[in-house]
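FYI, it's all coordinate maths here, none of it is from the lab. Everything quoted here is computed from the prediction, not taken from an experiment. Because the Cβ atoms are built from the backbone with ideal geometry, glycine has one as well, and the counts that use them run over all protein chains shown.
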Amino acid sequence: MSVLVVVECDKGEVKKSSLEVATYGAQLAAQLGTSATAVAVGEASDASLAKLGEQGITKVLYDKEPRLKDFVNNAYTKLIATAAQQEDAKVIVLANSNIGAAVGSRLSIRLQASLATNVVELPKTEGGQFTVKRGAFSGKAFSDVVLNGERKIIAVKKNSIEAQHEAGKTAEVVAFAAQLSDADFADAPKQVVMQDQAGGILLPEAALVVSGGRGMKGPENWNLIEDLAKALGAATACSKPVSDVDWRPHHEHVGQTGITVSPNLYIACGISGAIQHLAGVNSSKVIVVINKDPEAPFFKAADYGIVGDVFDVLPKLTAAVKELG
Amino acid sequence: MKFLVCISNVPDTTTKITFTPDNKEFNKAGVQFVINPWDEYALTRAIELKEANVGSTVTVLNVGEADTEPNIRKALAIGADDAIRVNAAPKDAFFVAEQIAAIAKEGSYDVILMGKESIDYNGFQVHGMVGELLGIPTVAPAMKLDMSGNTATLEREIEGGKEIVQVATPFVASCQQPMCEPRIPNMRGIMTARTKPLKVVPATGDAPRTEVKEFALPPKKQGVKLIDAANAGDLIKLLRNEAKVI
Ligand SMILES: Cc1cc2nc3c(=O)[nH]c(=O)nc-3n(C[C@H](O)[C@H](O)[C@H](O)COP(=O)(O)OP(=O)(O)OC[C@H]3O[C@@H](n4cnc5c(N)ncnc54)[C@H](O)[C@@H]3O)c2cc1C
Ligand SMILES: Cc1cc2nc3c(=O)[nH]c(=O)nc-3n(C[C@H](O)[C@H](O)[C@H](O)COP(=O)(O)OP(=O)(O)OC[C@H]3O[C@@H](n4cnc5c(N)ncnc54)[C@H](O)[C@@H]3O)c2cc1C
């Protein structure tokens with residue numbers, strides 16, 4: 001019996017959310033008195049996989065089949081199911097990402113496992129019961145869920161576990177062949193189009209986010225948001241009306257009907273703080289609100305606030321960050 | 001082309017979430033329920049594709065108790081042809097997926113559309129489960145869906161970009177913006193919805209695999225610390241030295 005961790009890789013590197021998942025898996029394995037093995041998907045390098053030892057992973061299975069570089073739902077599902085069988089994994093841990101959820105839901109049927117998504121903590125495993133805490137009601141609540149099945153699949157919410165780095169420890173990278181056939185690649189994408197990310201930082205994975213609302217007045221003013229984000233190394237985001245009128249691309253829209261983010265720092269600029277917006281951001285660790293209206297509802301959800309004009313305040317913040325170095 | 005659109009009945013997005021005193025159940029008192037916002041994209045896109053492909057039908061499906069019928073009727077008013085309600089309290093995602101798979105199989109539906117995620121339990125999983133139960137592809141979450149004969153071309157959102165995927169019917173897709181502009185019912189739709197067929201069927205399938213023990217609300221914020229706009233730069237020092245996030 002072991003814990004199997006699914007790590008997603010991109011351009012040779014392990015994604016940040018997968019470092020969190022690896023940490024979660026290793027800690028869970030320790031709790032259960034077993035070891036954590038990883039199976040890698042996407043474009044990985046042996047060096048970056050070996051470094052998963054720093055998160056507590058002992059062994060990494062990697063199938064070098066080139067068609068696995070892009071996400072293929074069926075092929076990924078079969079690959080991970082094969083690894084789970086080989087390793088006799090009773091618990092599979094993956095990221096609550098678009099890939100993780102797509103694969104985890106199919107695996108739960110194939111392996112007759114109990115699935116919990118959006119999980120925010122290590123499970124409680126005393127007394128033979130396996131209970132996980134997960135986010136529900138779009139960030140407005142949590143629920144404790146008992147997983148009844150003999151096998152369990154856990155999808156860990158991004159930024160809810162801090163990745164550990166124990167320098168010098170390495171994992172053994174083992175070649176793995178899941179014997180995939182052409183039929184497993186029938187749903188392979190015809191084309192993959194990547195966006196230009198501001199500063200190369202993916203919003204769903206970002207630790208720092210600078211976000212703008214209608215108070216920014218127009219797309220021509222977004223340089224103020226981008227300058228602060230760049231100085232901080234943050235991703236940029238926006239409210240729904242801003243993406244609805246195409247001031248910003250849809251993939252930046254956060255909230256109940258957009259992306260849910262839970263960064264360490266969320267800076268809201270000219271956003272009123274409607275309940276649907278808060279639902280997507282209120283699990284951020286620290287929230288900063290800049291708004292000229294002292295009555296803006298967002299201040300109630302904030303840790304720090306500045307009552308003022310974004311056009312005056314943002315350049316000052318950017319300058320202060322640059323000064324800090 | 002036979003479209004099956006699965007809709008979930010969820011608390012309105014403005015709902016203040018509370019639980020029963022034992023924290024075991026969501027407190028429904030005074031709560032307005034709506035069609036899950038993402039499911040509205042599935043419904044509208046199915047209706048648009050039906051209009052473009054003569055002879056097609058759109059069936060809406062909900063797994064729920066009788067109190068979901070007003071929203072099923074609303075989906076009929078928006079333009080679905082008929083509806084099925086599996087009469088059961090949806091116990092978990094696996095249970096719901098089994099019901100949907102059974103109906104989809106029995107009715108030989110070509111295209112099964114859902115929302116990306118329910119805004120109450122945030123499972124983000126029913127679509128994958130249904131695809132696997134039926135042995136057909138699932139494309140989730142889809143931002144675009146076009147059909148040409150039996151072939152669908154979809155844009156699937158991945159972190160940092162999108163994949164263009166082609167699948168043949170039957171398939172499952174879960175929908176999100178900017179797929180279409182969700183429609184709202186008009187007067188004529190509301191009138192005709194009253195007489196459209198709504199079939200109620202019993203549940204089938206296995207025991208659920210998960211069980212909610214308890215709900216909890218997030219811890220309350222301490223209150224906001226205000227910094228004078230004239231000294232805005234002080235905020236950055238606080239974020240570094242006090243909050244330690246930068
Ligand atoms: C079903 C449904 C789902 C929704 N989902 C989402 C969602 O996922 N995400 C989302 O964001 N919204 C969502 N909404 C919309 C939401 O209700 C609000 O309308 C929206 O969040 C408001 O966006 P905003 O704060 O940018 O704009 P506004 O509410 O117009 O706020 C602008 C703010 O900027 C301030 N301001 C103006 N000028 C300045 C200045 N010069 N300096 C500083 N401050 C200034 C104003 O005081 C104001 O508070 C949803 C709504 C519905 C009905
Ligand atoms: C009183 C009550 C108590 C409940 N208790 C629980 C509970 O304890 N645990 C629990 O997990 N769930 C519970 N639910 C059910 C919950 O509302 C969901 O229907 C179910 O869990 C699937 O949600 P999900 O978030 O996993 O779906 P997702 O995977 O996020 O949903 C994706 C899509 O699947 C479709 N879909 C989801 N649910 C339904 C449905 N019921 N009918 C038709 N299509 C649907 C929709 O298109 C949706 O957009 C309860 C519901 C009610 C009314």
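Relative to the longest principal axis of the Cα atoms of chain A, the long axis of helix A:73-87 makes an angle of roughly 50 degrees. Think of it as helices only: each DSSP H run of n ≥ 4 in chain A is worth -39500 (n - 2.57), and spread over all residues that comes to -8000 deg cm²/dmol at 222 nm. For the stretch A:198-324, build the charge dipole from Cβ charges (+1 Lys, Arg; -1 Asp, Glu) around the Cα centre, then report which of A:P294, A:S262, A:V313 sits farthest towards its positive end. Farthest along the dipole direction, towards plus: A:S262. In a DSSP loop and with at most 14 other Cβ atoms within 10 Å, the trypsin sites (Lys or Arg not before Pro) in the stretch A:183-272 are A:K190, A:K217. The relative contact order of the stretch B:94-155 comes to 28 percent, based on Cα pairs under 8 Å that sit 6 or more residues apart. FRET efficiency for the pair B:D81 and A:Q31, taken as 1/(1 + (r/R0)^6) with r the Cβ-Cβ distance and R0 = 60 Å, rounds to 0.70.
GluC sites (Glu not before Pro), restricted to the stretch A:111-151: which are DSSP loop and have at most 11 other Cβ atoms within 10 Å? Walk me through the numbers on the way to the answer.
Working: sites: A:E121, A:E126, A:E150; in loops: A:E121, A:E150.
Of the GluC sites (Glu not before Pro), the ones in loops of the stretch A:111-151 whose Cβ has at most 11 other Cβ atoms within 10 Å are A:E150.
Within chain A, what percent of beta bridges assigned by DSSP are antiparallel, to the nearest 5?
Expressed as a percentage, antiparallel bridges in chain A total about 15.
Over all other residues within a Cβ to Cβ distance under 15 Å of A:V146, the charged ones net out to +2, with Lys and Arg as +1 and Asp and Glu as -1. Mind grabbing the base-10 log of I(q)/I(0) for chain A at q = 0.08, 0.10, 0.14, 0.15 Å⁻¹? Debye formula, identical points on the C-alpha positions, no solvent, two decimal places. Those come out to -0.40, -0.62, -1.08, -1.18, one per q.
Can you tell me the dipole magnitude for the protein assembly as shown around its Cα centre, using point charges on the Cβ only (Lys, Arg +1; Asp, Glu -1), in Debye to the nearest 20? Spell out each step's value before the answer.
Details: 60 positive and 67 negative charges, 153 e Å.
The dipole of the protein assembly as shown has a size of about 740 debye.
Summary: within chain B, the longest segment free of GluC sites (Glu not before Pro) located in DSSP loops with at most 15 other C-beta atoms within 10 Å is B:66-241. Estimate the FRET efficiency between A:D182 and B:T20 by the formula 1/(1 + (r/R0)^6), using the beta-carbon distance for r and 45 Å for R0, to the nearest 0.05. For A:D182 and B:T20, the calculated efficiency is 0.25. Taking the Cα centre of the stretch B:2-216 as origin and assigning +1 to Lys and Arg Cβ atoms and -1 to Asp and Glu Cβ atoms, the resulting dipole is close to 540 debye. Helix A:310-324 and the long axis of chain A differ in direction by around 60°, with both axes built from C-alpha atoms.
Among residues other than B:A232 whose Cβ falls under 9 Å from its Cβ, what is the net charge (Lys/Arg +1, Asp/Glu -1)?
-2
The angle separating the long axis of helix A:222-232 from the principal Cα axis of greatest extent in chain A is about 60 degrees. Put a dot 7 Å past the Cα of B:E214, heading toward its Cβ, do the same for A:A175, and the two dots end up 5.1 nm apart.
Along the stretch B:112-119 the Karplus relation, 6.51 cos²θ - 1.76 cosθ + 1.60 evaluated at θ = phi - 60°, assigns HN-Hα couplings of 10, 10, 9, x, 4, 6, 7, 8 Hz to successive residues, with x for each Gly and Pro.
Taken along its principal axes, the alpha carbon cloud of the protein assembly as shown reaches lengths of 66, 61, 49 Å, longest axis first. Bridge orientation summary for chain B: considering DSSP beta bridges with both residues in this region, about 40 percent are antiparallel.
Backbone N atoms of the stretch B:202-246 closer than 17 Å to the 7 Å Cα→Cβ label point of A:D309 belong to residues B:228-233.
Here the Kirkwood formula puts the hydrodynamic radius of the stretch A:198-324 at 14.0 Å, using every distinct Cα pair.
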